[in-house]
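Below: one structure, written as structure tokens.
Computed from the coordinates by the stated procedures, all read-outs in this text should not be read as laboratory data. It should be emphasised that the depicted structure is a prediction, and the values quoted were computed from it without experimental measurement. Positions of Cβ are generated from backbone atoms using ideal geometry, with glycine treated the same way; all protein chains shown enter the neighbour counts.
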Number of protein chains: 2
Amino acid sequence: MDLSHSVSGGINQESIMQVKSNANPNLKPIDSIEVSCSNKHEPLRAEAELSATKEKVLTGDRATGQLHLGHYVGSLQQRVKLQDVYHQTILVADMQGLTDNGHQPHKVASNIVNVVADYLAVGIDPLKTRICLQSAIPALAELTMYYSNLVSIARLERNPTVKNEIQSKSFGRSIPAGFLTYPISQAADITAFNATLVPVGEDQLPMLEQTNEIVRRLNHIAGRGVLNECKPLLSKVSRLPSTDGRSKMSKSMGNCQ
Amino acid sequence: MDLSHSVSGGINQESIMQVKSNANPNLKPIDSIEVSCSNKHEPLRAEAELSATKEKVLTGDRATGQLHLGHYVGSLQQRVKLQDVYHQTILVADMQGLTDNGHQPHKVASNIVNVVADYLAVGIDPLKTRICLQSAIPALAELTMYYSNLVSIARLERNPTVKNEIQSKSFGRSIPAGFLTYPISQAADITAFNATLVPVGEDQLPMLEQTNEIVRRLNHIAGRGVLNECKPLLSKVSRLPSTDGRSKMSKSMGNCQ
């Protein structure tokens, strides 16, 4: 499958440079944001049709398995509608998928194309929606590192979403640093694309609070509004019960069929 | 001061791509490693003189203040000699400097040129030693994120060097995530440059243990030797007592004069 026309690096380069220059005023601008799967020479129609008034929406999925009915009801259906109203970007979050799959990277790698294929199958139109691969945008890792100096370990350990997820996994005492800190990586994603609307389920609201805390802290340090806060766009069906009835449907927990 | 001839992105791009491709086999190679202060069009003499047999040495300093007598006796003198024997790279660690200065980035930014000027003043020759700016190499942040999935929070909290440093700072309960995880960033630095020798004081030995743990873990996942382990090159004077007699001389603790 040739994804070259559907994947773009539509990243808010200006904000990234403002963050970097506030963190390190001696730095020169990054010349270019590399997105390995974009076609740099052919402008996207979606890019050309961007209007300054539309809000930017960012959603995404971890590439840890095939999408399921829970995704369709809770998120994918909504995205098909959103692409006609907002500037929508969907991030295939392979870096985040690795945070609890560091020892089985092939599981994540092999699901990237599956996830994108599911997007196309349900009607997400690459001419209306940007689809980006997280690992192909080094600036997201850079922002994650800068932001990680503005968030304490104690704050991350208090995050209810992360706490619940840690309980449901078999980490024991070995919680990967990348897993505990993934809310910081999400903040990098949201702010890099300058997204002000983020479709989430109720269980993900603490992640947006964490992002907005980082935004306020960075703006305070900079002494001006470098980054924008984001608001949740709550799905009507935010949690589809799993087939075993114990929690929400989750591809990581294998309770979808 | 024009540093364009003295700073280069002499990074082990092959290893980085191997790490990335093991973490994510679908990725295409990064086209280029951006180093904002390098002169890409003029090859360095040091680059031209690289021989395959010399070992690679990586050292560096956090850009948090001017270098002092402790650095000179414990490290800088040695580097002047090492540059004639090994392929030496010195990393100006501004990203690491931010891990406990996230709220005062200008302190770090304003010291970058000072640190490099001190290198030149003591006889480090930019034609023999590569001097790189950490924040100018996005691949270091990317590797840090990949490696952070292979190290547990508990392991980081047990690191004796980090424990001592946390005690000496006034973080209270707010230890920045970037500070606790900086040994992972150091592992990224060492392995990105494929350094097999790292000059350190005795107090820094646990950092190299952490790097080698990551190296072994990554090689195990890959099923082959993608990365090389590193060895310490201990300085004869590893800790110069501070002027207040309480600990080692440290620019962060202001006990050098």
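A label point on A:A117, set 7 Å along the Cα-to-Cβ line, lies at 6.0 nm from each of its counterparts in the other copies, closest listed first. B:K231 label point (Cα plus 7 Å toward Cβ) to equivalent points in the other copies: 6.2 nm, shortest first.
Once the C-beta distance of B:L233 and A:K169 is scaled by a Förster radius of 51 Å, the resulting FRET efficiency is 0.80 to the nearest 0.05. Neighbour counting of Cβ atoms within 10 Å sorts the residues B:H87, B:H68, fewest neighbours leading, into B:H68, B:H87. The slack between A:D125 and A:A222, meaning 0.36 nm per residue of separation minus the straight C-alpha distance, is 31.2 nm. Counting every other Cβ atom within 10 Å of each residue's Cβ, B:D125, B:D100 order from fewest to most as B:D125, B:D100. Each of A:T129, B:T53 was scored by other Cβ atoms within 10 Å of its Cβ. Arranged with the fewest first, they read B:T53, A:T129.
Within the shell of other residues whose beta carbon sits under 10 angstrom from the beta carbon of A:S152, the net charge comes to +2, with Lys and Arg scored +1 and Asp and Glu -1.
What is the distance in Å between the Cα centres of the stretch B:118-147 and the stretch A:57-89? Cα centres, the stretch B:118-147 to the stretch A:57-89: 41 Å. Translational diffusion of the stretch B:131-226, estimated by Stokes-Einstein from the Kirkwood radius over alpha carbon pairs at 20 °C in a medium of 1.002 mPa s, is 151 µm² per second.
Inter-copy label distances for A:K169: 2.5 nm (label point placed 7 Å from Cα along Cα→Cβ; shortest first).
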